[in-house]
1. I want the antiparallel fraction of DSSP beta bridges within the protein assembly as shown, as a percent rounded to 5.
2. May I ask you to evaluate 6.51 cos²θ - 1.76 cosθ + 1.60, the Karplus curve with θ = phi - 60°, for each residue of the range A:213-225 and list the ³J(HN,Hα) values in order in whole Hz, giving x for glycine and proline?
3. What does DSSP give for chain B in terms of the percent of beta bridges that are antiparallel, rounded to the nearest 5?
4. How far is the Cα center of the range A:150-214 from the Cα center of the range A:64-131, in Å?
5. Place the label 7 angstrom along Cα→C-beta at B:LEU308 and in each other copy, then list the distances from the first to the rest in nm, shortest first.
6. Roughly how many debye, to the nearest 20, is the charge dipole of the range A:223-310 about its Cα centre, given +1 on each Lys and Arg Cβ, -1 on each Asp and Glu Cβ, and no other charges?
7. In this model, which of A:LYS120/A:LYS203; A:LYS93/A:LYS223; A:LYS164/B:LYS249; A:LYS193/A:LYS223; A:LYS120/B:LYS164; B:LYS71/B:LYS161 are farther than 28 Å apart at the alpha-carbon?
8. Quick check of the Kirkwood formula: for the range B:6-58, what is the inverse mean of 1/r over all pairs of different Cα atoms, in Å?
Number of protein chains: 2
Amino acid sequence: MNAIDTLIAAIQEKQSPIVMGLDPTLENIPTFLKEASISKYGDTIKASVDSIWNFNQRLIEVLHPYIPCIKLQMACYELFGSEGMEVLEKTVKLAKQYKLSVIADGKRNDIGSSAALYAKAYLGERPLITGKPIKSDVDFLTVNPLLGSDSLTPFIEEAKKNGKGIFVLVRTSNPSATEYQEAKLGDSFLYEKIAQDLQQYAKDLQGESGYSLVGAVVGATWKEEQKKLRETMPNVFFLVPGYGAQGAKAKDILPSFDAQGGGAIINASRSIMYAYQNKIYNPTLESSRFAQAALAAVKDMLSDIETLRQ
Amino acid sequence: MNAIDTLIAAIQEKQSPIVMGLDPTLENIPTFLKEASISKYGDTIKASVDSIWNFNQRLIEVLHPYIPCIKLQMACYELFGSEGMEVLEKTVKLAKQYKLSVIADGKRNDIGSSAALYAKAYLGERPLITGKPIKSDVDFLTVNPLLGSDSLTPFIEEAKKNGKGIFVLVRTSNPSATEYQEAKLGDSFLYEKIAQDLQQYAKDLQGESGYSLVGAVVGATWKEEQKKLRETMPNVFFLVPGYGAQGAKAKDILPSFDAQGGGAIINASRSIMYAYQNKIYNPTLESSRFAQAALAAVKDMLSDIETLRQ
């Protein structure tokens, strides 16, 4: 089974098309966790990343039965340099112990030779000087397609080789997505042309599920576009960001699903991670209850999605 | 002085518009360095990155009088995870000790809230829980503009705040650059529209030199395009990749310079780093002479550029 078939099986088993975005920012980590880290390490970067690690760890431990997948926003970890990357690696490892799929959300891109190195870094292996290389635990990487096909193929080739997958930016969830993504190529918008190209790759790379290791990022904030893109890309699985903090609800995501209610996974980050700051999920606003509040937010999101499917 | 004025002053002082790309890959590191690292650390990731560190260190020590700037291809370091990022950080620190400008070539991009974190990571400060944040030593970050203005402005704002700069992908050096970058927006190609937008930002952000903290990546492999882009962006400094291993020579880069021979810096990575594998620069192919061979390649590149300017 490749990474996309594994993800689809887990979505069905857990009846949950939800990705939890673990995109922690220090100011939103509960104070008691930060105080504990300071008492261990002083007020250092080590303490900053330790508090993030403890936050991630608890969320994964409590939520793993309810979600098939986590997504790590690389910017949140790179902010803390090599020590941040260490916590990213620990988080990936923990998630894999719980058999969660892991998306590294790095939106990586470069000319072919460098794209091949990014692909190896996340979807392949770390080289040793003479010994057997060390496999990456990440399952999916997000990729920015601006540089075109010779930049995309190294990611696809590496994914294919290792049974991993990629999600290529097609239509991003931010308001300015219209500015450059709606440039025209013949009769199509640029984002539509990218979608057509992805479907071409996907056709030949289908797993057992009919979906391929080439996925697409399609923002929940664009309802009409989702509908057309679902038609253009029948073999492309969608990663749909924009739920919750960015304003979208389940009804806005309906067009991304296929006729069987599959074909898409919905990301929510801030609305789950920081649910403890929301009285709906944490009436007393007691920060020690952050993981339970996150679970309540996930259950609410699941019932929002469930209502819709019926 | 902001980062772009500092860079321009160093180019003039050293009479050298050259960026050395430090994009090391393990297979091209001289064997004697790799053996030394194995004897210290065994055949581990630690040894892999130690050999890269020793390679970088020696190149910077020998070449710093002849080059104003280094560029670090992030993929080469991310390939080794947190340990690779540690070597990246050490390399940046060493380069700053020699007063070199440093470009982190990460082609980062994301929606606004995450773009702001990438900007902080490389152009701003790492947060502590309560204490004074720790400044990044990097001067410039490369940025992919596909997500549009609300994704670009956090990078520009952070650069402005800290006297740093960015280089935005306008026309990349790879052959497939034509595929999506030549989508049309009105009468312009997408890459031309991006150039027009960058000039708008740049106009209001000029340093003493007349150039702005908003720079552009323009591939040496596109001669006609360079000429037009130089006209479109009079206040935008160019980072020009594609020299050497990608096939371009100095004459191909002429259109990127302004009337005074300024306004651009040329990147070469493989042709400098691995000059020891080239009999022209290292007749005996003795790998212990890698830094001297790199210096010979830089001097050759300088005279290639000099001929042109006359």
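Just so it is clear, none of the values below were taken in a lab; they were calculated from the coordinates. Note that this is a predicted model, so its numbers are computed, not measured. Ideal geometry is used to build each Cβ from the backbone, glycine not excepted, and the neighbour counts take in all protein chains shown.
1. If we restrict to bridges inside the protein assembly as shown, about 15 percent are antiparallel.
2. Values per residue, Gly and Pro as x: 6, 9, x, 10, 8, 10, x, 5, 6, 10, 5, 4, 5 Hz.
3. Antiparallel bridges make up about 15 percent of those DSSP assigns within chain B.
4. Cα centroid of the range A:150-214 versus Cα centroid of the range A:64-131: 20 Å apart.
5. 5.3
6. Once rounded to the nearest 20, the dipole reads 120 debye.
7. A:LYS93/A:LYS223; A:LYS164/B:LYS249; A:LYS120/B:LYS164
8. Computed over Cα pairs of the range B:6-58, the Kirkwood hydrodynamic radius comes out at 12.7 Å.
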